[in-house]
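Here is the structure we will look at.
The values are calculated or read from the model by the stated rules, or taken from the named source; none is laboratory data. If you're wondering where the values come from, they're calculated on a predicted model, not measured in any experiment. A quick note on method: Cβ atoms are made from the backbone with ideal geometry, for glycine too, and the neighbour counts reach across all protein chains shown.
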Amino acid sequence: MSRNIDLHTHTIHSDGALTPKELVEKAKEAHLAAISISDHENTNGIDEAIKTGKKLKVEIIPAVEISTYPSPQKEHHILGYFIDYKDKKFQRELEKIREIREERSKKVIKNLNDLGFQINFGDLKAMATGTIVAPHIAWSVINDMGNKGKLKKEFGDIPDTGEFIRKYLIPGAPAYESREAMTTKEAIDLIHSVGGIAVLAHPCWTIAKKKDDELVFDDEEFVSVVKVGIDGVEVLAHRETEVDTKKCVDHFTSLTKKYKLVITGGSDFHGFGSAGKSLGYTDFYLKVPYSILNDLKKLKND
Ligand SMILES: [Zn+2]
Ligand SMILES: [Zn+2]
């Protein structure tokens, strides 16, 4: 039996398509030994996942993913593993971030409306069980028949969610809104305050940029995250192509080793659109071995 794991997944409690129970069942089908539930600013799926995990013998790691704003037009995602998610103060902090997120979603929707796209907050709110995030917004625009003509004109065809996000919703893009919910340091401190391990998610999307089709890495920015106390880096994560994915894995492996941080990995599985790859990575060459979870557990107990 394979001993692979997946340390980055989403459920309906943020922008995933599956319930926690369905997600754990899928993990079982994919022969994964462990998965973490890492919804955006939300831990409501963890208990149900643990319950199903006990039955199906899939180990569940309680986790969360927090978006942070180190400076205007910059965004990091920080994963927190083995957090004491029942802590009341921690839950109040997440609630605050969710409120700021909702205000920001309204602004992004207005920006898209101003740019000529049909989308409205009420429909989106009805679709999202938990937190509204970029893949929801992209999905909603792409699947609105009223946007078909405009999308075809701009993209040549109906884009996937990833393409739409890159053109409109990332820092610097026309519909992007910055929000000052948390700095990277504050998110790391919050995760540490509930006994968690803080990991920089998918650095290849946040601190590497495509310039003339070439990936350019911002090592200074990486070091700025190291300086505020990050414990690990999600090195085993995908970019669009196999070649770029390999470049990212090589680059961040060497940086992570240099700063003596722990290496983690995950698919960022959402279950729809192209925001994340398949659960447990059935594509490209990436697999996350169980030994990575042992490294995290060691760090937790040190
Ligand atoms: Zn993320
Ligand atoms: Zn994610």
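Do the conditions hold for residue 34, that is, is it at pLDDT 95 or above, under 20 Å from the mean Cα position of the chain (by Cα) and within 16 Å of ligand 1 (Cβ to nearest atom)? Criteria not met by residue 34. Counting the residues of the stretch 205-217 that are more than 23 Å from residue 189 (Cα to Cα) and either in contact with a strand residue (DSSP E or B) (Cβ under 9 Å, 6 or more places away or on another chain) or within 16 Å of ligand 1 (Cβ to nearest atom) (or both) gives 6. Does residue 29 satisfy the condition of being farther than 21 Å from residue 194 by Cα and away from ligand 1 (no atom under 16 Å from the Cβ)? Yes; evaluated as a whole, the condition is true for this residue. For the stretch 221-244, residues that are more than 19 Å from residue 262 (Cα to Cα) and of a type outside the set (A, V, I, L, M, F, W, C) total 5. For the stretch 48-87, residues that are of a type outside the set (Lys, Arg), exposed (fewer than 15 other Cβ atoms within 10 Å of the Cβ) and farther than 28 Å from residue 226 by Cβ total 1.
Checking every residue in the stretch 230-246 against the condition of being touching a Phe, Trp or Tyr at 6+ places or on another chain (Cβ under 7 Å), assigned to a helix (DSSP H, G or I) and among the acidic types (Asp, Glu) gives at least one match. Taking the criterion of being over 13 Å from residue 180 (Cβ atoms) and within 14 Å of ligand 1 (Cβ to nearest atom), the residues of the stretch 53-80 that qualify are 63, 64, 65, 66, 76, 77, 78, 79, 80. Filtered by the rule that a residue be free of Cβ contacts under 8 Å to residues at least 12 places away in the same chain, under 22 Å from residue 166 (Cα atoms) and acidic (Asp, Glu), the stretch 200-238 gives 212, 213, 214, 218. Set side by side, the residues 241, 183 differ, and just one is without any contact (Cβ under 8 Å) to a residue 24 or more places away in the chain and either within 24 Å of residue 93 (Cα to Cα) or under 19 Å from the mean Cα position of the chain (by Cα) (or both), which is 241. Of the candidates 263, 292, the single residue that is of a type outside the set (Lys, Arg), under 26 Å from residue 83 (Cβ atoms), away from ligand 1 (no atom under 16 Å from the Cβ) and part of a strand (DSSP E or B) is 263.
Scanning the stretch 280-291 for residues that are modelled with pLDDT of 85 or more and touching a Leu at 6+ places or on another chain (Cβ under 7 Å) yields one hit, 288. Would you call residue 202 more than 30 Å from residue 89 (Cα to Cα) and within 14 Å of ligand 1 (Cβ to nearest atom)? No. Within the stretch 50-72, is there a residue that is in contact with a strand residue (DSSP E or B) (Cβ under 6 Å, 6 or more places away or on another chain), of a type in the set (Phe, Trp, Tyr) and closer than 22 Å to residue 187 by Cα? Scanning the stretch 50-72 turns up no residue that is in contact with a strand residue (DSSP E or B) (Cβ under 6 Å, 6 or more places away or on another chain), of a type in the set (Phe, Trp, Tyr) and closer than 22 Å to residue 187 by Cα.
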